[in-house]
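In what follows, a single structure is set out as structure tokens and then discussed.
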């Protein structure tokens, strides 16, 4: 062993440490850039511009609350809706289809009113647009062993990547009777109210934005709104505690939760 070996080892360790510190700093700065306070405001869009909305539904109460909160949804602003549902959740699948039928009925009524009022100028519209239902594996089944949960969560995460990245070709018809083909990529907005699947969906969106794959972050895609459950009166759910500082907007339905986590916004009760 030469006399210079200790110095060489110190130099080598110092270099590795410096690289590690630079890497940690770069990752930290990148994560900070993804925080809601650092994001640029979304670009303004005209009504009818192809826009994809992703809605995460849970079983039972979560689905009923979410669809109740969306009762005033304007399909002209969100021309394609994707409903994310866990495998085996027949209830949510049926309720999503029922909700879309109600949108079609409302739109048909508006069209009839426009045709009756001959003094109103007729403008091109996209109608109710289109929708699809995406099924993902459950992140964790009831009574599932904790040992097998990581594997099932990874399967759910992989499925969420595919849903977020998969382009969707749809065709809509305008009031003037002209057919128009549209291509949707990443969701422009993700809305959820707390099922476990929501945490996996938002984690997948963060990973895609972190690496800015296909402009996921630079184009302002996948903004997120979390609506805490109406049943949560005094404290947040586990999903809420995990996501309160990550999502772009965090809405609560009880005034006493306003400002929770320095993020909670109280806009009234959404559940119907």
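The table below lists the values:
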quantity	calculated
Between region 49-105 and region 189-219, the alpha-carbon center distance in angstrom	18
Which of 74, 89 has the fewest Cβ neighbours within 10 Å, and the rest in rising order	74, 89
Ranking of 254, 158 by count of other Cβ atoms within 10 Å, fewest first	158, 254
Taking 63, 109, 82, 149 and counting other C-beta atoms within 10 Å, the order from fewest to most	109, 149, 82, 63
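We did not get these values from a lab; they are worked out from the coordinates using the rules stated. What you are looking at is a predicted structure, and each value in this text was computed from that prediction instead of being measured. Don't worry about glycine lacking a Cβ; one is built from the backbone with ideal geometry, like all the others, and counts go over all protein chains shown.
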